[in-house]
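Here is the structure we will look at.
The values are calculated or read from the model by the stated rules, or taken from the named source; none is laboratory data. Please read all numbers here as calculations on a predicted model, not as lab measurements. Cβ placement follows ideal geometry from the backbone for every residue including glycine, while neighbour counts extend to all protein chains displayed.
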Amino acid sequence: MLLLALDTATPAVTVALHDGVSVVAASSQVDARRHGELLLPAVDRVLAEAGVKLAEVTDIAVGVGPGPYTGLRVGLTTADTFGFALGVPVHGVCTLDALGYAFGTSAAAPDGPFVVATDARRKEVYWARYEDARTRTTAPAVDRPADIADRVAGLPSAGAGAFLYPEVFADAREPRHVPAAALAAFAAERLAAGEGLPAGGGRAASPASAADEDGPAGHGLLPPRPLYLRRPDAQVPKNYKVVTPR
Amino acid sequence: MADSRDEPLVLGIETSCDETGVGVVRGTTLLADAIASSVDEHARFGGVVPEVASRAHLEAMVPTIERALKEAGVAASDLDGIAVTAGPGLAGALLVGVSAAKAYAYALGKPLYGVNHLASHICVDQLEHGALPEPTMALLVSGGHSSLLLATDITSDVRPLGATIDDAAGEAFDKIARVLDLGFPGGPVIDRYAREGDPGAIAFPRGLTGPRDAPYDFSFSGLKTSVARWIEAKRAAGEDVPVRDVAASFQEAVADVLTRKAVRACRDEGVDHLMIGGGVAANSRLRALAQERCEAAGIRLRVPRPKLCTDNGAMVAALGAEMVARDRAASDWDLSADSSLPVTDPHVPGRSAHVPAPAAAHHHHDHDHVHEVAKDNLYS
Ligand SMILES: [Zn+2]
């Protein structure tokens, strides 16, 4: 297995290569406004560092969010197109799960349950609760921190969203963004456990968002489809506005 | 043609607005023009909603590439390059196409060409009527743009002569259709009603046509307000609105101004070809009036078939193929989507690749020098 993993659902542009045993090369750049520019050069750099050609990659893993949409789509489009061009499967990873895996397997891992929260902007967070590094216990959601205060009270939390709202997430800890290595390791572990999708499996699947298929218990590889969690901001125009002066 | 195999085979990706377009061309020959449109999803909003368009682009991107390759009957490995609209357009929508094009070009080991949407609208006519005359005058009219452009070399020298100072022509059609309760988009439905109406029934104003107005700029906002007021007055008086006559008279005002200014620009610049592109170029009255006025002025009119006038991937591929044919520098892997890419940049060359190997120079033309030449000296 040679797995290329990427995620653009948080301010970090994250790329890592995993050979089935360990992470071979990785890159992480935090710049919320330049995902589109940074991602491909990062892929090129990671492959060069590992001395590998893209054509040798056997699997693609991509963060499906939740995350701010424009950045999120950069990773998904890139992964989708790589998968098509190379004829290899593309596996989706919930970005919160990758962060939870990083936190739960770190030296600072909490003993009990914890929370992952990323910045959803508009004074909201994307978040989920975890029993441990590999077990999510709530579906990914988007909420105002104050509205979920009692559900996260007393729990350690990881992710930039937790640092933004210390009044709700009293025990915020690193990492803030998805570490490239954790994303790749999480996907490699799941693939080794036989969870992978066949090539083209994600796109051929139902056009519904992955969220529909990923209930609280679901915590593994997903179809490579975006977890938007919000509907587009769009208003049906009110009645025609009269231009004649009164 | 025996040597057509030597012409560049290019795949083009367009996602600047609500159409996910992927086209394949060989030189000036159209091989495939695959489109997935999200227009129906925008209809109830009365206009294109950027986030809705971006979501639809992501869904449609790879399936549309797949369809275009199949339609063209070519292998991806045979492509000479991947072209993509780098701008102008909706930022989030552009980014999906740019990301896909970069990933595809990188995976295939092919050069990437980030190109200008407006120059692509002009270059697409090569697929219909053969090589563009140099120079070509272009009138681009759609829901997003209304411009008069002078293209001396479509890969390196496109000059803006005029543009709308308020609404795009297509927007005016949408707004009038809304006042008349005819739905979105407004262009086709207004055209249909106008066929049965009298274009001389109501004298609507012609914006920016006074002696001291900018000769090549457009304004459709005043016309729009005037039409709306006229309709409201009818309604206020309890009379029926003559929808067909309003549509025909409004459409006449738009077509009149557009063609009058385009023909004048051709005359002033000594250009004997006029190309019309963009979605509004599908309008039957605009086509007829342009034909009439060009004939009278001794100007040859080139208008591609309607499907090539609206946004599509073939136009991007057409310009990409021209970039390859003229040895223009490919774009870098950090190419960004630029929602306000200036029309004067037909493509976005890479920073490192601008030194061409002297031996490899078999350009069809080399017009780079005209950048330094004053406009007024060019055609005298
Ligand atoms: Zn256009």
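Points worth noting:
- Conditions (1) more than 14 Å from every other protein chain (Cβ to nearest Cβ); (2) within 16 Å of the ligand (Cβ to nearest atom); (3) of a type in the set (D, E); number of the one not met by B:D191: (2)
- When the strands (runs of 3 or more DSSP E) confined to the stretch B:96-162 are screened for residues that are outside the structural domain of B:E19 (by TED's automatic domain parsing), those reaching at least 1 such residues are found at B:136-141, B:146-153.
Yes/no per residue for (1) within 16 Å of the ligand (Cβ to nearest atom); (2) within 14 Å of chain A (Cβ to nearest Cβ); (3) closer than 15 Å to B:A151 by Cα; (4) not hydroxyl-bearing (S, T, Y):
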position: B:M275; (1), (2), (3), (4): yes, no, yes, yes
position: B:L286; (1), (2), (3), (4): yes, no, no, yes
position: B:G298; (1), (2), (3), (4): no, no, no, yes
position: B:K307; (1), (2), (3), (4): yes, no, no, yes
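- Residue count for the stretch B:115-131 under the criterion of being crowded, with 23+ Cβ neighbours inside 10 Å and more than 16 Å from the ligand (Cβ to nearest atom): the result is 1.
- Hits in the stretch B:264-278 (condition: in a helix (DSSP H, G or I) and closer than 16 Å to B:A169 by Cβ): B:A265
- Looking only at the stretch A:62-75, and only at residues there that are over 10 Å from the mean Cα position of the chain (by Cα) and crowded, with 24+ Cβ neighbours inside 10 Å, the one that is farthest from the other protein chains (Cβ to nearest Cβ): A:G71
- Within the stretch A:127-139, not a single residue is closer than 20 Å to A:A180 by Cβ and within 14 Å of chain B (Cβ to nearest Cβ).
- Residues in the stretch B:222-235 include at least one that is within 14 Å of chain A (Cβ to nearest Cβ) and closer than 25 Å to B:D311 by Cβ.
- Any chance B:A68 is under 19 Å from the mean Cα position of the chain (by Cα) and not β-branched (V, I, T): no
- Leading residue by the ranking (surrounded by the most Cβ atoms within 10 Å (Cβ to Cβ)) among those in the stretch A:43-61 that are among the small types (G, A, S) and touching a Leu at 6+ places or on another chain (Cβ under 8 Å): A:A61
- When B:A119 is tested against (1) out of contact with any strand residue (DSSP E or B) (no Cβ under 6 Å at 6 or more places or on another chain); (2) of a type in the set (A, V, I, L, M); (3) away from chain A (no Cβ under 14 Å), only condition (1) is not met.
- Filter result (assigned to a loop (DSSP other than H, G, I, E, B) and either farther than 15 Å from B:L319 by Cβ or within 14 Å of another protein chain (Cβ to nearest Cβ) (or both)) within the stretch B:77-91: B:L79, B:G89, B:L90
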